[in-house]
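Below is one structure; the comments refer to it alone.
What follows is calculated from the coordinates using simple rules that are stated; it is not laboratory data. All figures in this text were calculated on a predicted structure; none of them were measured in a lab. Ideal geometry is used to build each Cβ from the backbone, glycine not excepted, and the neighbour counts take in all protein chains shown.
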Amino acid sequence: MSKAPAGWYPKPDTKELGYWDGKKWLDIPPPNNYRSNVSSAVAPMSGFAIASLVTAFLFFPLAIIFGHIALSEIKKSKGKLQGEGLAIAGLIIGYLWIFAIFIAIVAGAAVNEILNSPDIWST
């Protein structure tokens, strides 16, 4: 970076905004009104959040596991990761699948009980 002109740049090791004087990094804070691409950089997406949403349609138990891992990972990253909405969507869909299967089993058992009842055919 020695060929870069003096100015505000993201530091290579920390990605924080720093002032490059043309030869070395100066340890001075950026001006309050300075707008750079560093401050508007988008945090990377959590892989577990993406996996949670994708597996919600394929294999919902994994979606629930991945969703909880993603939420924990995002919370621990303190803003360095995003994807909370994807993780929550994966969790909701996964838990809805469990609820739907439970309702289907209960309804199936009820219908089976009704159809196998001797009273239904005697009238």
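Rounded to the nearest 10 degrees, the inclination of helix 60-77 to the longest alpha-carbon principal axis of the chain is 30 degrees.
So what is the 222 nm mean residue ellipticity for the chain from helices alone, if each DSSP H run of at least 4 adds -39500 (n - 2.57) and you divide by all residues, rounding to the nearest 500 deg cm²/dmol?
Details: 4 runs with 67 residues, N = 123.
Value at 222 nm, helices only: -18000 deg cm²/dmol.
Using only Cα atoms and rounding to the nearest 10 degrees, what angle (0 to 90) does helix 47-58 make with the longest principal axis of the chain? Helix 47-58 sits roughly 20 degrees off the main axis of the chain.
Under 5 Å between amide hydrogens, built in the peptide plane, is the criterion, and for residue 11 it picks out 16, 17, 18 among residues at least 5 positions away or on other chains.
For the chain, the dipole from Cβ point charges (+1 on Lys and Arg, -1 on Asp and Glu) about the Cα centre works out to 900 debye, to the nearest 20.
At what distance in angstrom do the alpha carbon centres of segment 57-122 and segment 16-32 lie from each other? Here the two parts' Cα centres lie 51 Å apart. Seen from all directions on average, the chain presents a Cα convex hull projection of 12.3 nm².
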